[in-house]
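Report on the following structure.
Read-outs throughout are calculated quantities, based only on the coordinates presented, and are distinct from any laboratory measurement. These numbers were taken from a predicted model, which means no experiment stands behind them. A quick note on method: Cβ atoms are made from the backbone with ideal geometry, for glycine too, and the neighbour counts reach across all protein chains shown.
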Amino acid sequence: MIAAATSGTLLLLGLALRRLRSEQIPQTAMLGAVFFLASLISIPIGPGGVHLLFSGLMGVVLGWAAIPAILVALLLQTLLVGHGGLLVLGVNALHIMLPALLCALLLAPLLRRRSPLQPFHVGAAAGALGCLASSALVAMTLALSGEEYLTAARLIVISHLPVAVIEAAVSGASIALIHRVSPRLLSAGGQA
């Protein structure tokens, strides 16, 4: 499973780097730094903890550029703070990259065309969807790893429900602000 996930991560990275434009690099680096810092804040729940991801926000704002931002941030977390690990870097990255791309494909286009949804609602949907999809992928990976992980898989999803609410609020406010102040910054998101 680790080899397959790492191969998938590298494939997505290759596709993303081919699409990355030089003018996207500062914005990509900035959101990668936000992701890096936000995910360092761990909220203890039971024997473990949860942390913010912002994969939906990154997908809506960056589109394919979210892929290298996520991978670099996770690599830095592994090397600088010891979160994650090099062996599972591809798995962890895929858990966050796929929801980011899903949000880019489904929700970012709503920001550029007439939609009954306001930018806040699109951002909130991205925040919640990104968080819940990431936790579902982690739970699925745990469930596929063996029966002894089924309880942990369920707890992962349940413990991320309040995180999804927080990410929805923050992502919704962020997208609404960006849309009002500089809507051109949202142009890359829907080009997934």
Qualifying position, being within 22 Å of His51 (Cβ to Cβ) and either touching a residue at least 24 places away in the same chain (Cβ under 8 Å) or aliphatic (A, V, I, L, M) (or both), among Ser145, Ser187: Ser145
Do any helices (runs of 4 or more DSSP H) entirely within region 1-71 hold 2 or more residues that are surrounded by fewer than 13 Cβ atoms within 10 Å (Cβ to Cβ) and of a type in the set (A, V, I, L, M, F, W, C), and if so, which? 2-19
In region 43-60, what count of residues is obtained for those that are within 11 Å of the chain's Cα centre (by Cα) and of a type outside the set (Gly, Ala, Ser)? 6
Contact list, first residue from region 66-84 and hydroxyl-bearing (Ser, Thr, Tyr), second anywhere and surrounded by 17 or more Cβ atoms within 10 Å (Cβ to Cβ), beta-carbon distance below 8 Å, six or more apart or interchain, is Thr78/Gly84; Thr78/Leu89
Say we look at region 72-98 and pick out the residues that are within 11 Å of the chain's Cα centre (by Cα) and not hydrophobic (A, V, I, L, M, F, W, C); which of these is surrounded by the fewest Cβ atoms within 10 Å (Cβ to Cβ)? Asn92
